[in-house]
Amino acid sequence: MTSISNELGEDWRSNCYYFLKGRKLVGISIPHIEIGTKEEGRMFYFGVVPEMRGMGLGTEIHKITLAQMMNIKATYYVGSTDESNEHMMQIFKKNGCVLRD
């Protein structure tokens, strides 16, 4: 939690969103504007609980979070993942992200 507070500031909780399916927690995301920029949207954290993976929820949560970034004045999004994380790469592709490098 210290790293979140250090990077996003004391009010980081206002950027923290959780997602439910029915009453069951299925995921979380923390969108923010990258420090040192005015419009670069980033996700400090994004994830789906293990038992809910493989159901397309990651794609939907990512898509909702991209829309939420527009509400905090992001005009573009920069995401990253490990090159071996095929699941996240597929989420990026499904939501229209473009591979840069």
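Taken together, the values in this text are just the output of simple stated rules run on the coordinates, not laboratory data. These numbers come from a predicted model, not from an experiment. Because the Cβ atoms are built from the backbone with ideal geometry, glycine has one as well, and the counts that use them run over all protein chains shown.
Roughly how far apart, in whole Å, are the Cα centres of the range 74-101 and the range 1-59?
15
Please identify, among Leu25, Leu57, Leu66, the residue showing maximal mean-square fluctuation in a Gaussian network model of the chain using a 10 angstrom Cα cutoff.
So, out of Leu25, Leu57, Leu66, the one fluctuating most is Leu25.
Which of the aspartates and glutamates could a cross-linker span from Lys73 if the Cα-Cα distance has to be under 12 Å and same-chain partners fewer than 8 positions apart are dropped?
Excluding near neighbours in sequence, the set is Glu34, Glu39, Glu40.
Give me the lysines in straight-line cross-link reach of Lys24: C-alpha distance below 22 Å, same-chain residues under 8 apart excluded.
Once the sequence-local lysines are set aside, what remains near Lys24 is Lys63.
Taking the Cα atoms of the chain alone, what are Rg (to one decimal) and Dmax (as a whole number) in Å?
Rg then Dmax for the chain, in Å: 13.5, 39.
Order these by the 10 Å Cβ neighbour count, fewest first: Thr2, Thr59.
Details: Thr2 6, Thr59 17.
With the sparsest Cβ surroundings first, the list reads Thr2, Thr59.
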